[in-house]
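Peer 1: After the structure tokens below, expect a handful of questions from me.
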Amino acid sequence: MMKNKTIIAAAAMALMSTTAAFAGDVRIMWYSDGVEGEVLKDLISRFEKDNPDIHVTIDEVAYSVIKEQLPVQLAAGNGPDIARVTNLKSLSQYWLDLTPYLKDVDFWKKNYGDQLDWMRPDGSDIIPGFMTQITLTGGFANKTLFDQAGVALPGPDATWEDWAKATQKVAESQQIPYAFAIDRSGHRITGPMISYGANYIGADGMPAPLDDKGKKFISDLVGWTKDGIAERDVWVSAAGTTYRAAADDFINSQVAFYYAGSWQIPNFMTKIGTDFDWVATGSPCGPAACTGMPGGAGLVAMKATKNPEDVAKVMDYLASTPVAKEFAERTLFLPSNKEVIAGGLDFKTDNQFAKEALNTFVKASSTTAPEALKLPGWKWSDAYYGALVSRVSQVMAGEMSLDEAYGRIDQDIADKVKEAK
Amino acid sequence: MASGLTMAVVERIMGIIDIPLRRWQKATGQTGMASFFLLPNMAVFGVFVLIPFVINFIYSMTGGAQIFLDERRYVGMQQYREIFSCGNYLDPNSCVQDGFWTAVQNTALFVVLQVILLIVLSLVTALILNREIIGRSFWRAVFFFPVLLSPVVTGLIWRWILQRQGLLNFILYEWFGAEPFNWLTDRTTAFMATIGVTIWAHMGFYTLILLAGLQAIPKDLYEAAQMDGTSRSRVFWRITLPLLMPNLIVVLVLALIRAVQVFDEAFVLTGGGPGTSTMYIVQYIYEMGFASELRNPGLAAAASILMGAVLVVLTLMQMAASRRNEKKGER
């Protein structure tokens, strides 16, 4: 009888361990662009030593899992206790308000307050988490290719057209497949579109129809792609809203200029090494501005967690100034913590390219257009980005004309708005 | 010792359930007993097939981006009306849901070409592997090996081969000095690549079915034909093909069903591109329901119900064909 009870209890424990969180268990879903997964594990191991009653599990996943599977898990009431996300606003209904559990709410408001609206539901004042890093989109040039081609790097006021012409010369001289590349992402082309003067947000706060200035950049990008100047591969190698990056092509010296963002610096530092000289260039200019798109990854707590106190302890630890400083210095990410920024950073690298690139991005952040600053906290950004990327790809693949695509983009966004109501 | 123990346990169990079973049979007759034994299967079918199907149908009648049914609003047949709202069904751009019709067209073309090529190649391979060739077992293993691979692995292997800096372009350049070609970003070659890769991945399975059919054909028929001096082609058309027909029908229907469901290898290989030229219907459903920002589970559900209807038709075809074969066999 006793034996039977033991077996039943053991079976129940085994079953529960797969379905329920025990007190002290905190699960983090984490994706990495560079080395930040390793840094996080190191930081967390120290936290666990100091807090033996809390066990933190880090599930390292691909970015696509965060983008595609996490929303479904959250909607189904599952998911981790904490997640590192870039989709900050449109999933904000699932974020936990950490306010009642935090050690020092004022610390959070003072140091992370500027970006809290990016991740809150509209009109709310909750504290769901903090930005692990601030990013800014911008370009990277393969300086070795420019030097070998005898082409001068375009200056800080150079336009997209100037860059297209200069890189074309490099590509012809160095026999590389494409002059420049831009990631297959609506977020990535939004900086250039705003530089051309595009405006996404209507007077009522809802999505505005695609305007002539935005259309002009799209038409230029499609033209450069058709002419073989801009890399076709990343844009037409997927359908729908799937994200594709051209980082590997830049690392392999297949393009002279790559428009991505500050998060690529650690990746380039590790993978390019001393193979060639590379520089961050900031964002090329358009008629209206020379702006990149701000953004970043946020670490947010989930409303569905069963251990909010433990989750808050982990968040308090990771957001604390010394830990946030170490994280930024070791991962080479731009921090969002104001105390860290004010105290200065000693990025842990001897790589001169990476150090200069970080400085370039810090400098470029001062020219970010106000229109670009609004978008990370705008509910409909992702709907706009998704429509842009899927339709522009279709034009590049020859499936529809530019005019048809413009109409479809407006219709897609309208459908998303209708569906969300 | 162990089998003796097992038998003892079985006998004990049978002893316990024997009396209730007999009483049940007496009360319900043979039909009732059949129903009783069908119950476990019906329960599994109900939980894993029927209930999800019903839930999916209810989803297709709702709108909104939410996952939970109680948070979604009832919209009736609106999703279906939107799907079928087309100026011209052959021109997806004239449809409200242009992505759905593009996916339908791509899938239809894929199904026709892939299934024809798959069956022909599987048949030819089976005929060759049925002969006394050197290393026959080795070749059989070679053709069956891709079936064992995960579809994602298959897609990745072929992506590495076909991409701009891939193995194929390297070989073409090294051996023939050919300029690199973007196999996966050209509409035609990317589409054909999805066909080729899925054939490569699944052909071994169908070859095996046909090989089994070929080996079941009595040898004496061939010997008699040989004695009569019948030509090889006549032997193939008059003996092999008719006797292989039951297996061919099974292969045809299974291949059709599988082709309509094409997703994993193609998705990893091309991501649905270039543009939407390899976006098949399952990927469209996945995009609508899971991948796109502000998902549309209602539309995804409606599209999957329509795809399910096509699969039901194909399954009925298989059942009808099997029945016809059985009757022929009886005659």
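Peer 1: When residue A:75 is evaluated against the numbered criteria (1) crowded, with 17+ Cβ neighbours inside 10 Å; (2) under 20 Å from the mean Cα position of the chain (by Cα); (3) within 11 Å of chain B (Cβ to nearest Cβ), which criterion, by number, is the only one it fails?
Peer 2: (2)
Peer 1: Let me ask something else about it. What is the residue count in the range A:372-403 for residues that are surrounded by 21 or more Cβ atoms within 10 Å (Cβ to Cβ) and among the charged types (D, E, K, R)?
Peer 2: 3
Peer 1: Which numbered condition trips up residue B:29, out of (1) on the phi > 0 side of the Ramachandran plot; (2) outside any helix (DSSP H, G or I)?
Peer 2: (2)
Peer 1: Within 14 Å of chain B (Cβ to nearest Cβ), in a loop (DSSP other than H, G, I, E, B) and crowded, with 19+ Cβ neighbours inside 10 Å: does that describe residue A:291?
Peer 2: Spelling it out, it is not the case that residue A:291 is within 14 Å of chain B (Cβ to nearest Cβ), in a loop (DSSP other than H, G, I, E, B) and crowded, with 19+ Cβ neighbours inside 10 Å.
Peer 1: Are any residues in the range A:133-165 closer than 28 Å to residue A:86 by Cβ and either assigned to a strand (DSSP E or B) or within 14 Å of chain B (Cβ to nearest Cβ) (or both), and if so, which ones?
Peer 2: Passing the criteria: A:133, A:134, A:135, A:136, A:137, A:138, A:139, A:140, A:141, A:142.
Peer 1: Tell me, which residue of the range A:166-187 that is touching a strand residue (DSSP E or B) at 6+ places or on another chain (Cβ under 6 Å) and closer than 30 Å to residue A:414 by Cβ is nearest to the other protein chains (Cβ to nearest Cβ)?
Peer 2: Result: A:184.
Peer 1: Answer yes or no: is there a residue in the range B:195-215 that is within 14 Å of another protein chain (Cβ to nearest Cβ) and at pLDDT 95 or above. Steps first, please.
Peer 2: Looking only at the range B:195-215, we keep the residues that are within 14 Å of another protein chain (Cβ to nearest Cβ), and these are none.
Checked against the condition, which is being within 14 Å of another protein chain (Cβ to nearest Cβ) and at pLDDT 95 or above, the range B:195-215 yields no hits at all.
Peer 1: Quick one: is residue B:76 touching a Cys at 6+ places or on another chain (Cβ under 9 Å), exposed (fewer than 13 other Cβ atoms within 10 Å of the Cβ) and farther than 30 Å from residue B:210 by Cβ?
Peer 2: Answer is no for this residue.
Peer 1: Restricting attention to the range A:45-72, report how many residues are among the polar types (S, T, N, Q) and either crowded, with 18+ Cβ neighbours inside 10 Å or in contact with a strand residue (DSSP E or B) (Cβ under 7 Å, 6 or more places away or on another chain) (or both). Explain how you work it out, then say what you get.
Peer 2: At the first step, the residues of the range A:45-72 found to be among the polar types (S, T, N, Q) are A:45, A:51, A:57, A:64, A:69.
From what is left, the residues that are either crowded, with 18+ Cβ neighbours inside 10 Å or in contact with a strand residue (DSSP E or B) (Cβ under 7 Å, 6 or more places away or on another chain) (or both) are A:57.
Within the range A:45-72, residues that are among the polar types (S, T, N, Q) and either crowded, with 18+ Cβ neighbours inside 10 Å or in contact with a strand residue (DSSP E or B) (Cβ under 7 Å, 6 or more places away or on another chain) (or both) number 1.
Peer 1: Residue B:90 passes all but one of (1) within 11 Å of chain A (Cβ to nearest Cβ); (2) surrounded by fewer than 19 Cβ atoms within 10 Å (Cβ to Cβ); (3) under 28 Å from residue B:191 (Cβ atoms); (4) not aromatic (Phe, Trp, Tyr); which number fails?
Peer 2: Single failed check for residue B:90: (1).
Peer 1: Out of curiosity, is residue A:338 crowded, with 18+ Cβ neighbours inside 10 Å, at pLDDT 90 or above, over 17 Å from the mean Cα position of the chain (by Cα) and more than 20 Å from residue A:211 (Cβ to Cβ)?
Peer 2: Judged against the criteria, residue A:338 is not a match.
Peer 1: Name the residue, out of B:76, B:99, B:64, that is on the phi > 0 side of the Ramachandran plot and within 13 Å of chain A (Cβ to nearest Cβ).
Peer 2: Numbers: B:76 fails: within 13 Å of chain A (Cβ to nearest Cβ); B:99 fails: on the phi > 0 side of the Ramachandran plot.
Going through B:76, B:99, B:64 in turn, just one is on the phi > 0 side of the Ramachandran plot and within 13 Å of chain A (Cβ to nearest Cβ): B:64.
Peer 1: Moving on. Can you give me the number of residues within the range A:369-414 that are farther than 19 Å from residue A:185 by Cα and among the hydroxyl-bearing types (Ser, Thr, Tyr)?
Peer 2: 1
Peer 1: Please list, ordered by residue number, the helices (runs of 4 or more DSSP H) wholly in the range B:224-331 having 3 or more residues that are crowded, with 17+ Cβ neighbours inside 10 Å and within 14 Å of chain A (Cβ to nearest Cβ).
Peer 2: B:264-270, B:281-286, B:297-330
Peer 1: Same structure, new question: Quick one: what pairs do we get from the range A:303-318, first residue of a type in the set (Lys, Arg), second part of a helix (DSSP H, G or I), C-beta under 7 Å, 6+ apart or different chains?
Peer 2: A:303/A:94
Peer 1: Okay, moving on. If a residue must be touching a residue at least 24 places away in the same chain (Cβ under 8 Å) and more than 7 Å from chain B (Cβ to nearest Cβ), how many such residues does the range A:386-413 contain?
Peer 2: Filtering the range A:386-413 down to residues touching a residue at least 24 places away in the same chain (Cβ under 8 Å) leaves A:386-390, A:392-393, A:395-397, A:402, A:405-406, A:409-410, A:412-413.
Those still in the list that are more than 7 Å from chain B (Cβ to nearest Cβ) too: A:387-390, A:392, A:395-396, A:402, A:405-406, A:409-410, A:412-413.
Qualifying residue count, the range A:386-413: 14.
Peer 1: Moving on to the next point. Any residue in the range B:20-38 that's polar (S, T, N, Q): show its pairings with residues that are in a helix (DSSP H, G or I) at Cβ separation under 7 Å, as long as the two are six or more apart or on different chains.
Peer 2: These pairs meet every condition: B:25/B:33.
Peer 1: Name the residues in the range A:371-421 that are under 25 Å from the mean Cα position of the chain (by Cα) and among the hydroxyl-bearing types (Ser, Thr, Tyr), would you?
Peer 2: Selection gives A:381, A:384, A:385, A:390, A:393.
Peer 1: State yes or no: is residue A:204 within 11 Å of chain B (Cβ to nearest Cβ), acidic (Asp, Glu) and either in contact with a helix residue (DSSP H, G or I) (Cβ under 8 Å, 6 or more places away or on another chain) or assigned to a loop (DSSP other than H, G, I, E, B) (or both)?
Peer 2: So residue A:204 does not fit the description; no.
Peer 1: Something else now. Given the structure, is residue A:22 in contact with a helix residue (DSSP H, G or I) (Cβ under 9 Å, 6 or more places away or on another chain), hydrophobic (A, V, I, L, M, F, W, C) and modelled with pLDDT under 95?
Peer 2: yes
Peer 1: Could you please give the count of residues in the range A:306-330 that are modelled with pLDDT of 95 or more and outside any helix (DSSP H, G or I)?
Peer 2: 1
Peer 1: Let me ask you something else. Tell me which residues, restricted to the range A:70-84, are over 23 Å from residue B:297 (Cβ atoms) and not in a strand (DSSP E or B).
Peer 2: Hit for the range A:70-84 is A:81, nothing else.
Peer 1: Kindly indicate which of B:296, B:325 is more than 16 Å from the chain's Cα centre (by Cα) and under 30 Å from residue A:379 (Cβ atoms).
Peer 2: Values: B:325 fails: under 30 Å from residue A:379 (Cβ atoms).
Just a single option satisfies the conditions, and that option is B:296.
This table checks each residue for (1) in contact (Cβ under 8 Å) with a residue 60 or more places away in the chain; (2) not in a helix (DSSP H, G or I).
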{"residue": "A:33", "(1), (2)": "yes, yes"}
{"residue": "A:38", "(1), (2)": "no, no"}
{"residue": "A:42", "(1), (2)": "no, no"}
{"residue": "A:52", "(1), (2)": "no, yes"}
{"residue": "A:68", "(1), (2)": "no, no"}
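Peer 1: Residues in the range B:164-195 that are among the small types (Gly, Ala, Ser), free of Cβ contacts under 8 Å to residues at least 12 places away in the same chain and not in a loop (DSSP other than H, G, I, E, B): how many?
Peer 2: 0
The values are calculated or read from the model by the stated rules, or taken from the named source; none is laboratory data. Computed from a predicted structure; not experimentally measured. We place every Cβ from the backbone using ideal geometry, glycine too, and count neighbours over all the protein chains shown.
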